[in-house]
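As structure tokens, the structure follows; a few thoughts come after it.
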Amino acid sequence: MVSLAISHPLRDAWVQPEHFLPEASTCQRMLHAQNASVLTLLPSLANGLLSQVSRLERVLNFIDDEVAVLRYNQQKLDRLLHIKKQLQEIEKPAHNSVVNVDAEKTLLLAYAFGEQYAPALALLTGKQISIQVWGTQLIEPTRESLDRFFISHEKDIPIFVQVSKEPVAEEKEAVMDVNPFLQLRTMLADLGLLMNLSDFTLVKADAVKTASEKASVKESICEEIGRGSEKQNEPDQASPELGINIEPQNLTCESKHDQVNRPDLENPSKVMVDLNMWYCSCLDFTKKSYVTHDKSWLDIMHSTDGSSTIAKFVQNAPCKLPATLPICKHLLAVVLLACNWTVSVDAGLVNVYWVQDEAVQVKIL
């Protein structure tokens, strides 16, 4: 299971795309180019879109965000600061992290690519991308050889990328204005901590002995959150906050089926993506490609500086391309993967297989 923490949006400022783009001297020309969304915005915003943060850090950030808006309720402020102090004193858990999605960049990417962006992000974070390394070599391909392909753009090993046609994810309804302490209690459960809602002290969940007791605790937490959402429109006599506080929810994407250890060379539920040729085998990409292919990659790249991740992958493409580069959610997902390769692999978002022949396929990552 991969838990996604959407970082808190800007409260008092507009998102400025120039913050992520090249210097102003070239920015205006690049943004007005024919393929600006693909060649300029996408690589600029996709790099660093994903990051790994500890679950503890996520909880502390959530508390800081709540403290920033609860300026008129001293009682809630004191409770939040009391919880934060306890968290700062606990031993930091090892190897307990979540994937964080940059809220500012994801907003701009959603604006630039519309309905394609959300499923593309879900394909990546839902572990719906598989990489096949072909070869009869006796030595198993290493992480370093994959890094050379995706980071250094060296094409010394044959790599094929498969993407599920559609994202498979658990949908969780977002609830606005839920009591922050109920949200905190759920987040603390991921850290193995239980919060007493009467005095807001934290205790280790080890005190809960049996599995049935643990299930009962999780059920009670969900029930309390449900009751909190039902009361969200009731006036809070002790909370004179102004306006409406809409908090981003922590989304969880989980693949509903693990890929089995067998070749999926002709799987109808998957498509093939070739970033080096700027190609996807899906119907959406094919329809967009029913135009004249009369531009070389050098012709298309004249409006950019040629140093982006996309440019380095496609710069040696021998085929002709349409003047307006087509893109689909599958190709977009692979670009997001390439721009966040290290984080994606470390977080276990990618399945990598070593295909020795048509009958033997070994999972290596």
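The values are calculated or read from the model by the stated rules, or taken from the named source; none is laboratory data. Please read these numbers as outputs of a predicted model, since none were measured by experiment. Here Cβ is always computed from backbone atoms with ideal geometry, including for glycine, and neighbour counts include all displayed protein chains.
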Checklist entry - Hey, PHE285 hits all of (1) among the hydrophobic types (A, V, I, L, M, F, W, C); (2) surrounded by 20 or more Cβ atoms within 10 Å (Cβ to Cβ); (3) at pLDDT 90 or above; (4) farther than 30 Å from VAL98 by Cα but one; which does it fall short on? => result (2)
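Would you mind stating whether PRO322 is without any contact (Cβ under 8 Å) to a residue 40 or more places away in the chain, of a type outside the set (S, T, N, Q) and either buried (at least 19 other Cβ atoms within 10 Å of the Cβ) or farther than 22 Å from LEU50 by Cβ (or both)? Break it down into steps so the answer makes sense when it comes.
Numbers: without any contact (Cβ under 8 Å) to a residue 40 or more places away in the chain: yes; of a type outside the set (S, T, N, Q): yes; either buried (at least 19 other Cβ atoms within 10 Å of the Cβ) or farther than 22 Å from LEU50 by Cβ (or both): yes.
Yes: the conditions hold for PRO322.
Residue by residue through segment 298-351, note down the ones that are on the phi > 0 side of the Ramachandran plot and modelled with pLDDT under 85. Write out each step before concluding.
Of all residues in segment 298-351, those on the phi > 0 side of the Ramachandran plot come to 306, 348.
Residue satisfying the conditions is GLY306 alone.
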Item to check | Members of segment 116-158 found to be in contact (Cβ under 8 Å) with a residue 40 or more places away in the chain, farther than 19 Å from VAL360 by Cβ and not hydrophobic (A, V, I, L, M, F, W, C), listed by number | outcome: GLN116, TYR117, PRO119, THR125, GLY126, LYS127, GLN128, ARG143, ASP147, HIS153, LYS155
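Looking at the structure I just gave you, is LEU87 in contact with a helix residue (DSSP H, G or I) (Cβ under 7 Å, 6 or more places away or on another chain), closer than 30 Å to LEU202 by Cβ and at pLDDT 90 or above? First the steps, then the outcome.
Numbers: in contact with a helix residue (DSSP H, G or I) (Cβ under 7 Å, 6 or more places away or on another chain): yes; closer than 30 Å to LEU202 by Cβ: yes; at pLDDT 90 or above: yes.
Here the answer is yes, as LEU87 does meet what is asked.
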Checklist entry - What's the number of the condition LEU49 fails, among (1) in contact with an Asp or Glu (Cβ under 7 Å, 6 or more places away or on another chain); (2) at pLDDT below 70? => result (2)
Checklist entry - Counting only residues that are surrounded by fewer than 14 Cβ atoms within 10 Å (Cβ to Cβ) and hydroxyl-bearing (Ser, Thr, Tyr), how many does segment 176-203 have? => result 2
